[in-house]
There are 2 protein chains.
Amino acid sequence: MPKEVLFDEETVLKKATALFLNKGYNGTSMDDLTKATGLSRSSLYNSFGDKHSLFMRCLVYYQAGEHGALTEVVSNIASPVKRIKAAFRYLVDVILKSGTRNGCLIVNTTAELATVDKEVCEFVFRNTDIIEHLFTQWVKEAQQQGEISKTFTPTAIARHLFNTYVGLRISEQSNPDKKFLDDIVKVALSVLV
Amino acid sequence: MPKEVLFDEETVLKKATALFLNKGYNGTSMDDLTKATGLSRSSLYNSFGDKHSLFMRCLVYYQAGEHGALTEVVSNIASPVKRIKAAFRYLVDVILKSGTRNGCLIVNTTAELATVDKEVCEFVFRNTDIIEHLFTQWVKEAQQQGEISKTFTPTAIARHLFNTYVGLRISEQSNPDKKFLDDIVKVALSVLV
DNA sequence: CTATATCTGGAATGATTATTCCAAACAATA
DNA sequence: TATTGTTTGGAATAATCATTCCAGATATAG
């Protein structure tokens, strides 16, 4: 019988993800990854395939983590508008508390690879679609419950919210200041009336 | 007397900028740059210093170009609100017409290098400040002329506009669709009332 | 034409890249 | 305890990276 794997796959993914988040795909070398994860080259290639495969695994892992955190934050908020506001307040909070100002792995990856990497392009597109649908659902609820007007379609508002999110993930890197981010959220969410 | 330079510096910068815009800083090699510009390695190093210096030159060149195009678009629009709307309409137009979906060099660079490259970080911060001030000026005018209410400070609205801009530059890469971008602009600019 | 000062092409360098390979280590079964 | 199939560490490889260097090309000034 085979020798068991000694490392925890999720721990490795977490560390690799942190590295990619900080330095980007092209800025991170396999050498960096071995040092950060503590694994040897062989183990890394054996368990995750090549660099690109490992990166895709990190993207999925990151996506699941973010999605999980978000749904947990809004889990017991009945009002859809309050849900949206809580989500953005939480986002700004995470940005300020992390202190790293690395942005979002998916947003950064969009900027770095979306036009040159087909697999990444597809992932990013699917991700956009998922978030758009989540937001659309929330806005639809809000309109049905009369919390906000029906001036705009749920989709249009959802897309604006998505755009505000990705914008914040860039803005946090170009001007990591609480007032700056608070201003953005305050004005952007003022459309929810 | 020395032999004159045979190539046009601006042409070289334009081609290098296009390459960096498409593949990012780390994704672009000096070999790529020699092929795209037609210059030899020596000429490139002689005229622009190392890769990083050339990149910074490209950033400045790109910034000037974008700023020039924007100010030209709004040059003879008296109403500040119409100026803002025209700017965003122009942006979506450029995005759709270019067809390349490469985003904005400065936004992409923010995502790729802002946390690891001090010089880039400073450039990006200054750029953010410039745009914020430009938008703030426009909003201030709009409020003074009574075009929009004084519910929010000019700075807050300007920051939201900035955020919408950088968001669009990511969104165009994750979902390059006219309706998608139009929806974003429509809702985001609805705060100008 | 000659001299000069700079530009230019391409080879050379040394560091770093991703990836492969293999012998040794190892845990679990028989 | 011997065998088995996998993991593991580190060396080896081949490609690519940014950068340097130098001999020859070239345009101007005298």
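Read the figures in this text as sums done on the coordinates, not as results from a lab. Keep in mind the model is a prediction, meaning the values are calculated, not measured. Cβ atoms come from the backbone with ideal geometry, glycine included; neighbour counts cover every protein chain shown.
Structure notes:
- A:Gln137 meets the conditions (1) outside any helix (DSSP H, G or I); (2) of a type in the set (S, T, N, Q); (3) farther than 21 Å from B:Val107 by Cα in every case but one. The failed one is (1).
For (1) surrounded by fewer than 24 Cβ atoms within 10 Å (Cβ to Cβ); (2) more than 7 Å from chain B (Cβ to nearest Cβ), each residue gets a yes or a no:
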| position | (1), (2) |
| --- | --- |
| A:Lys150 | yes, yes |
| A:Ile157 | no, no |
| A:Thr164 | no, no |
| A:Glu172 | no, yes |
| A:Lys178 | yes, yes |
| A:Asp183 | yes, no |
| A:Ser190 | yes, no |
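- A single member of A:Gly68, A:Gly146, A:Gly103 is out of contact with any helix residue (DSSP H, G or I) (no Cβ under 7 Å at 6 or more places or on another chain) and on the phi > 0 side of the Ramachandran plot, and it is A:Gly146.
- Listed by first and then second residue, the pairs with beta-carbon distance under 6 Å, at least 6 apart or on different chains, first residue in the range B:23-49 and under 22 Å from A:Lys23 (Cα atoms), second among the hydrophobic types (A, V, I, L, M, F, W, C) and near DNA strand C (Cβ under 10 Å from one of its atoms), form an empty list.
- Every condition in (1) within 14 Å of chain B (Cβ to nearest Cβ); (2) within 16 Å of DNA strand D (Cβ to nearest atom); (3) closer than 19 Å to A:Thr11 by Cα holds for A:Asn26 except the one numbered (3).
- Residue identified as more than 21 Å from B:Val124 (Cβ to Cβ), more than 14 Å from chain A (Cβ to nearest Cβ) and within 9 Å of DNA strand D (Cβ to nearest atom) among B:Asp50, B:Asp31: B:Asp31
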